[in-house]
Amino acid sequence: MKVVILALSESGEEVARSIAANFNVPLHGRIDRVRHADVYFNNALEHIRDLFVSGHSIVGVCASGVLVRAIAPFLRDKTLDPPVISVAEDGSVVIPLIGGHYGANRMAKEISQIVNGFAAVTTAGDIALGVALDEPPLGYSLSNRSDAKAVMMKLLSGAKRKIIGENIFSLESHLEGEVFLEVTMKPKLGSSSHLIYHPKNSVIGLGCARNTDPEELWNLVECTLAEQELSKGCIAAVTSIDLKADEKAINEVAKRLDVPLLLFTADELEDEFDRLENPSKLVFEEVGCHGVSEGSALACVGSQGRLLVPKTKTKNATLAISIANEPLIDLPGRPRGSLAIVGIGPGQSSWRTPEASSMIVNSEELVGYGLYLDLVGPIGYGKTQTDFPLGGEEERCRYALEQAGKGKRVALICSGDAGIYAMASLVFELMHRSVENLGVSDAARRVDVVCTPGVSALQAAAAKAGAPLGHDFCTISLSDLLTPQEDILTRIEAAANGDFVIAFYNPVSANRKTLLKTAREILLKNRSPDTPVLLARNLGRNGEKLLYRTLENLTVDEVDMLTVVIIGSSNSKIFRLGDGLRIYTPRGYSKKLDRDLV
């Protein structure tokens, strides 16, 4: 869990600091009210909301009501929401507000010991038994979680319990019982009276030909597990050689089993040569080690494990299973690297999507232009941050990809939407190029690349002004650094002739003032001088400014690189509403209404 300790006042700072120190997590403090914190914030409700929607577990040394008001609108499902815990400023009471069965109760008890307070746990099972049956110890999985509530209710009603196999909760067991708690490696079906737990002590090693059908590999996995009477719940990881990081079939197996895919180099797999039961000279000639499936399965369990299933194969795939003496918790190997291309919007945190925030939180390293990294705010605290200047876009994207190629989780931070005049297209261009044509390494091309949408500058500007994009519109960048001026002018002419609403990005720079003036002259040939124009600067940030002009009185001097210029079509309207102006472009509903009335 990603845990943050919050202190809202000086009176709770000492308690908050002691909790943060014991958990070795950051302390966030209200500015001007907390003397020493790792991160400071102004607005408590907004800050708590940002942390919650981005997946942080929150321990607030403050009144419970503050936490409740902040997170209430964003509660989704108890299996998805992160734990939230309230601690009295003097440490006397610790209250798990949500996530009791998903870590909050356990954390509350640990915190109460740190601050010498009382853990006000209200979950019935924790009160009666001292444990949560649906939260097994680390290294174990519960097969039938949906039956846990029914089992707990029976125990609370006086039913006797019988422990079968390992007693992972250290509970008293009766010789005869109406309720059963069983730990087994076999694939068993539980019930509302029978909970099935599995030790996660096994690893599946996989190898396959390039582009193997995922169903072929999945069928091999299912059949082998069935033959061994080994539950899927016992699988702690899927492993392979790093050359297979992007193999769809292997990734699909890991996804279906809901376990990590861990990768090893050929040299690391070759270190397992003496333990292989089926070494292959052909495999060595192809990838540099004598066994992929057996080697990776053994490398993951280490010297405390052994092969349970030696290499078995189909036409295109191989599989081996290893088993350890104890449940596997800290596993060697590296994950498949990932690059999240994140559009954070104009910068205002409330305009950043929860998915974007989650991608930032789940990353290890943030890469971007310095201003954009600053706009990420507190959710980027504690992460490696690598900034590149304007003009260093290719180096920025190349670095992000190569870092991901090392197995890291990297987030490439962009303003607005990452796919609109931003870094997403350059990332894919670098991956598409060959190495000889200055592309990225093979390892970087094997990473998992995902994009998330962001609020673009044109969307933010339009929302602030009304609805200027209500009908057909286009965007044109006036930057001639990457696009010849002749092409830009051709596009302006086409947009003018098509009567599009136009959003101009990068309208001017220190060395380029004339293109916007030329664009204005082209548009005046096709549109009325009183066509509405919006100049939107610093949207969602300090210094936000909206200026309403007409095409005739648009001047370049009022525009800079941080301004988005939206020019209406021949149908766009501007009018005063209340204490401000609004622009909209009608879609034509009034004409439809007239026809319907006729």
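Each value in this text was obtained by applying a stated rule to the coordinates, not by laboratory testing. Everything quoted here is computed from the prediction, not taken from an experiment. No Cβ is skipped: glycine too gets one built from the backbone with ideal geometry, and neighbour counts run over all protein chains shown.
Spherically averaged projected area of the convex hull of Cα atoms, region 217-269: 3.7 nm². Under a no-solvent Debye model with one identical scatterer per Cα of region 258-387, what's log10 I(q)/I(0) at q = 0.10, 0.16 Å⁻¹? Computed log10 I(q)/I(0) values: -0.52, -0.80.
Just round it to a whole percent: the fraction of Cα-Cα distances in region 42-179 exceeding 26 Å. Above the 26 Å cut-off, region 42-179 has 32 percent of its Cα pairs. Over the chain, DSSP H runs of length four or greater, each weighted -39,500 (n - 2.57), average out per residue to a 222 nm ellipticity of -9000 deg cm²/dmol. For region 560-571, 3J(HN,Hα) computed residue by residue from phi via the Karplus equation (6.51, -1.76, 1.60; θ = phi - 60°) reads 9, 5, 8, 9, 9, 10, 10, 10, x, 7, 5, 9 Hz, glycine and proline entered as x.
Between their Cα atoms, which of Lys188/Lys408; Lys200/Lys313; Lys149/Lys383; Lys248/Lys281; Lys2/Lys162 are more than 29 Å away from each other? Cα-Cα > 29 Å for Lys188/Lys408; Lys149/Lys383; Lys2/Lys162; rest within. Annotation: peptides 509-520, 317-328, ranked by per-residue average of other Cβ atoms within 10 Å with the highest first, follow the order 317-328, 509-520.
In this calculation the C-beta distance from Gln304 to Glu172 is compared with R0 = 35 Å, giving a FRET efficiency of 0.70. For region 202-334, the direction-averaged projected area of the alpha-carbon convex hull comes to 6.9 nm².
Bridges between two residues of region 417-549, per DSSP, are antiparallel at a rate of about 55%.
The aspartates and glutamates whose alpha-carbon is closer than 12 Å to the alpha-carbon of Lys315, local same-chain residues fewer than 8 away aside, are Asp213, Glu216. With distances taken between every two different alpha-carbon atoms, region 337-455 has a Kirkwood hydrodynamic radius of 13.8 Å. Model label sites at Met153 and Asn116, defined 7 Å from Cα along the beta-carbon direction, differ in position by 4.2 nm.
Could you tell me which of rounded, prolate or oblate describes region 441-493, using a ≥ b ≥ c as the square roots of the eigenvalues of the alpha-carbon gyration tensor, with rounded for a/c under 1.5 and, failing that, prolate when a/b is larger than b/c and oblate otherwise? It is oblate, given that a/c is not under 1.5 and a/b is not larger than b/c. With 0.36 nm allotted per residue and the present C-alpha distance subtracted, the Asn571-Phe428 stretch has 47.7 nm of extension available. Annotation for region 236-295 versus region 187-231: alpha-carbon center distance of 17 Å. Over region 458-584, the alpha carbon radius of gyration divided by the compact-protein estimate 2.2 N^0.38 Å works out to 0.98. Lys-Lys pairs in region 501-598 that are eight or more residues apart or on separate chains and whose Cα atoms lie under 20 Å of each other come to 4. Taking the inverse of the average 1/r across all pairs of different Cα atoms in the chain, what Kirkwood radius in Å do you get? Roughly 28.2 Å, rounded to one decimal.
Our analysis of region 3-122 gives Rg over Rh at 0.93, with the two radii drawn from alpha carbon positions and Rh computed by the Kirkwood formula. Relative to its residue count, region 318-390 spans a Cα convex hull of 159 Å³ per residue. Each listed q (0.17, 0.18 Å⁻¹) maps to a log10 I(q)/I(0) for region 140-199 from the Debye sum over equal C-alpha point scatterers, namely -0.49, -0.55. Short-range pairs are left out: with C-alpha atoms under 8 Å and at least six residues apart, the relative contact order of the chain is 8 percent. Can you give me the angle between helix 514-524 and the longest principal axis of the chain, using Cα atoms only, in degrees from 0 to 90, rounded to the nearest 10? Helix 514-524 sits at roughly 70 degrees to that axis.
Each semi-axis of the equivalent ellipsoid for region 146-273 is √(5λ) with λ an eigenvalue of the Cα gyration tensor; in descending order they amount to 38, 15, 12 Å. When only Cα pairs below 8 angstrom with a gap of at least 6 residues are kept, region 140-199 shows a relative contact order of 44 percent.
Each of the peptides 204-217, 570-583 was scored by the mean count of other Cβ atoms within 10 Å over its residues; in descending order, highest first, they stand as 204-217, 570-583.
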